[in-house]
2 protein chains.
Amino acid sequence: MVIGGIEAGGTKMVCAVGDEAGNLSDRMTVLTGTPEDTLPRMIRYFKEKKVEALGIGCFGPLDLDRKSPGYGSITSTPKPGWAGCEILKVFREALSVPVGLDTDVNGAVLGEVLLGAAKDCDTAVYLTIGTGAGVGVYCNGALLHGLVHPEAGHLLIGRKSGDSFPGVCPFHENCLEGLASGPALEKRWGRPAAELFAREEVWELEAYYLAQAVSNYILAYSPQKVILWGGVMHQTQLFGLVRAKVRELLNGYVRHPALEEELDGYIVPPGLGDNAGIIGAIQLGRLAAERMNG
Amino acid sequence: MVIGGIEAGGTKMVCAVGDEAGNLSDRMTVLTGTPEDTLPRMIRYFKEKKVEALGIGCFGPLDLDRKSPGYGSITSTPKPGWAGCEILKVFREALSVPVGLDTDVNGAVLGEVLLGAAKDCDTAVYLTIGTGAGVGVYCNGALLHGLVHPEAGHLLIGRKSGDSFPGVCPFHENCLEGLASGPALEKRWGRPAAELFAREEVWELEAYYLAQAVSNYILAYSPQKVILWGGVMHQTQLFGLVRAKVRELLNGYVRHPALEEELDGYIVPPGLGDNAGIIGAIQLGRLAAERMNG
């Protein structure tokens with residue numbers, strides 16, 4: 001099957017074509033302008049590629065309630081022009097193929113559960129920490145939506161005593177995105193994360209905040225795998241630091257080999273690497289096609 | 001159908017008999033001694049009542065992994081005699097009927113989803129805060145286990161600045177149970193919760209900690225209903241305080257009527273009141289019988 005996928009972000013839209021098994025045969029990137037600029041270019045691309053289904057992993061918040069009249073639209077984003085965009089309907093009507101939509105991070109966790117590091121898990125978590133922080137959740141064998149969809153990138157965490165940095169989240173004084181995203185790192189230390197590699201105190205503090213969030217994901221979801229990625233986690237020295245602090249914070253309370261001698265294989269980067277999001281989006285398209293075929 | 005239920009706690013075991021619709025026809029309570037003392041009395045009770053199925057909502061941690069050789073046993077509890085107790089097997093062999101086992105809080109959330117305040121929800125959370133703190137989670141239409149089972153009563157939270165109370169959790173410096181359970185209240189303020197009713201500062205601080213945890217449950221699970229109960233929440237003035245602080249902490253980030261004008265109907269006490277746990281346990285028995293009958 002020829003399946004299209006979109007990893008729709010605030011700065012760029014990654015479009016790709018692939019198959020059920022996770023192979024990618026083509027890829028194109030469009031900068032995110034207004035919907036009027038951006039959508040027709042993507043539609044043209046997928047028409048040319050003759051896709052039989054399309055999956056979209058999209059920045060949120062999204063209306064994913066199938067019973068809602070606004071199902072399939074972007075809701076309250078500050079990105080100019082995109083609030084209220086009926087992205088699912090636009091592509092469904094333009095392409096006349098089954099279209100699946102979910103959050104970008106739910107797409108990524110789906111890719112990892114089906115084809116990556118969380119294969120065979122019925123419950124897994126994917127945290128991306130970069131420009132923002134977002135969490136995709138696969139729970140009891142399905143992507144989690146509930147009332148809206150998880151927003152666990154904004155989990156409230158405790159400040160390190162003495163840390164008076166105001167944070168970068170306009171909503172929350174003490175959330176993961178506000179204290180530990182890429183922009184937070186840059187604002188706190190005065191230069192981009194990539195230039196701070198050698199400064200131990202930077203990564204100690206970063207790991208402290210990440211580990212609080214990860215510990216809470218473990219306590220809340222009891223995942224069989226925790227996947228961390230995004231621009232900040234490209235500083236891969238963070239993996240070891242986060243694992244050590246998670247162990248310290250949980251302090252042996254949850255007893256399972258995954259949290260003890262197998263911790264290195266439990267908190268991991270995505271098996272699909274930087275392709276988790278786009279391969280996951282293609283899987284959203286595959287699932288939409290399967291739903292349509294009963 | 002005549003179904004037995006056990007709400008198995010560290011201090012007492014509530015045993016009851018009821019039907020599929022949530023009606024209770026009999027109830028008996030045994031103080032929790034050693035397994036040798038306690039189990040035979042419960043077995044005798046359910047034999048006399050001629051139950052056709054049994055459900056157990058049990059203190060944990062439990063092994064709920066159906067593929068594990070230890071499935072159905074209590075694992076690392078400090079309660080004398082109970083660590084390693086194969087509670088599921090004991091009752092199944094003694095009664096020769098289908099037996100379902102889950103955590104006490106998962107039992108309670110099941111009761112609420114099927115017959116209480118969370119009816120028709122596919123995702124809901126039940127927090128009990130009393131002697132300890134425990135969270136039952138129903139996610140995507142099933143009780144959540146994942147790797148072990150959620151332990152979100154120990155969610156790590158941020159301290160109110162200036163709060164130097166050491167907490168009562170032997171594992172975590174800053175977790176919900178440690179800072180806000182009944183024993184924490186009593187140790188912090190020098191007398192039991194029930195005697196502190198008139199002291200505003202007690203409930204302000206309590207609501208601050210509870211609201212952090214509840215906000216994080218909302219961000220993490222995106223539940224359609226949040227149910228709060230347990231000894232501490234019998235101080236029902238807490239509901240209003242917790243709702244107000246959740247609204248303040250989330251600060252409009254998650255947009256949904258449930259979190260805005262409908263908040264009073266979103267963060268609620270259990271529809272089944274103090275019977276949520278035992279009625280939920282009976283539902284665990286019903287589900288076990290249904291699984292057995294295909």
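No value in this document is a laboratory result; all are computed from the given coordinates. It should be emphasised that the depicted structure is a prediction, and the values quoted were computed from it without experimental measurement. Neighbour counts are summed over all protein chains in view; Cβ atoms, including those assigned to glycine, are modelled from backbone coordinates with ideal geometry.
The phi-based Karplus calculation (6.51 cos²θ - 1.76 cosθ + 1.60; θ = phi - 60°) puts the 3J(HN,Hα) values of the range A:8-23 at 8, x, x, 9, 8, 10, 8, 10, 8, 10, x, 10, 4, 7, x, 7 Hz, whole numbers, x for Gly and Pro. Calculated from the alpha-carbon coordinates, the protein assembly as shown shows an Rg and a Dmax of 24.3, 74 Å respectively.
Relative to the compact-globule estimate of 2.2 N^0.38 Å, the Cα radius of gyration of the range B:62-110 comes out at 1.16. Placing +1 at every Lys and Arg Cβ and -1 at every Asp and Glu Cβ, with all other atoms neutral, what dipole size does chain B have around its Cα centre, in debye to the nearest 20? Value, rounded to 20: 440 debye. Distances between placed amide hydrogens fall under 5 Å for A:Thr32 paired with A:Lys12, A:Met13, all partners being 5 or more residues away or on another chain. Rounded to the nearest 20 debye, the dipole magnitude of the protein assembly as shown is 240 debye, with +1 charges on Lys and Arg beta carbons, -1 on Asp and Glu beta carbons, and the Cα centre as origin. Under a Gaussian network description of chain A, with springs only between Cα atoms under 10 Å, the residue in A:Leu54, A:Leu147, A:Leu110 that fluctuates furthest is A:Leu147. Between the residues B:Ala207, B:Gly167, B:Val254, the greatest Cα displacement towards the positive end of the dipole of the range B:117-269, with unit charges on the Cβ of Lys, Arg, Asp and Glu, is found for B:Gly167.
Between A:Lys47 and B:Leu24, the FRET efficiency estimated from the beta carbon spacing at R0 = 51 angstrom works out to 0.25.
Along the range A:30-47 the Karplus relation, 6.51 cos²θ - 1.76 cosθ + 1.60 evaluated at θ = phi - 60°, assigns HN-Hα couplings of 10, 5, 7, x, 6, x, 4, 6, 8, 4, x, 5, 6, 4, 4, 4, 6, 5 Hz to successive residues, with x for each Gly and Pro. Of the DSSP beta bridges with both residues in the range A:117-269, give the percent that are antiparallel, rounding to the nearest 5. Among the beta bridges of the range A:117-269, antiparallel pairing accounts for roughly 55 percent.
Inter-part distance, the range B:9-44 to the range A:240-259, computed on C-alpha centroids, equals 36 Å. Per-residue mean of foreign Cβ neighbours for A:170-183 is 2 (Cβ atoms of other chains, 10 Å radius).
Only aspartates and glutamates eight or more places from A:Lys225 in sequence, or on another chain, were considered; those with a Cα closer than 15 Å are A:Glu112, A:Asp120, A:Asp122, A:Glu260, A:Glu261, A:Glu262, A:Asp264. Positive end of the dipole of the range A:117-269 (Cβ unit charges, origin at the Cα centre): among A:Gly265, A:Ile157, A:Leu228, the Cα lying farthest that way belongs to A:Ile157. Extending 7 Å from Cα along the Cβ direction at A:Ala83 and again at A:Glu262 yields two label points whose distance is 4.7 nm. Applying the Kirkwood pairwise sum to the alpha-carbon positions of the range A:168-294 produces a hydrodynamic radius of 16.3 angstrom. Highest GNM mean-square fluctuation among A:Lys187, A:Lys47, A:Lys67, for chain A modelled with Cα contacts below 10 Å: A:Lys67.
Along the axis of the charge dipole computed for the protein assembly as shown (Cβ charges of +1 for Lys and Arg, -1 for Asp and Glu, origin at the Cα centre), the listed residues B:Cys15, B:Val99, A:Thr29 are led at the positive end by B:Val99. Of all chain B residues, the closest to the B-onto-A rotation axis by Cβ, with that distance in whole Å, is B:Gly158, 2.
At 0.890 mPa s and 25 °C, plugging the Kirkwood radius over alpha-carbon pairs of chain A into Stokes-Einstein gives what diffusion coefficient in µm²/s? The Stokes-Einstein estimate is 126 µm²/s.
Annotation for B:Ser76, label-to-label distances across the other copies: 4.1 nm (shortest first, one decimal, point 7 Å from Cα along Cα→Cβ).
Comparing mean-square fluctuations of B:Tyr209, B:Tyr253, B:Tyr266 from a GNM of chain B with C-alpha springs under 10 Å, the top value falls on B:Tyr253.
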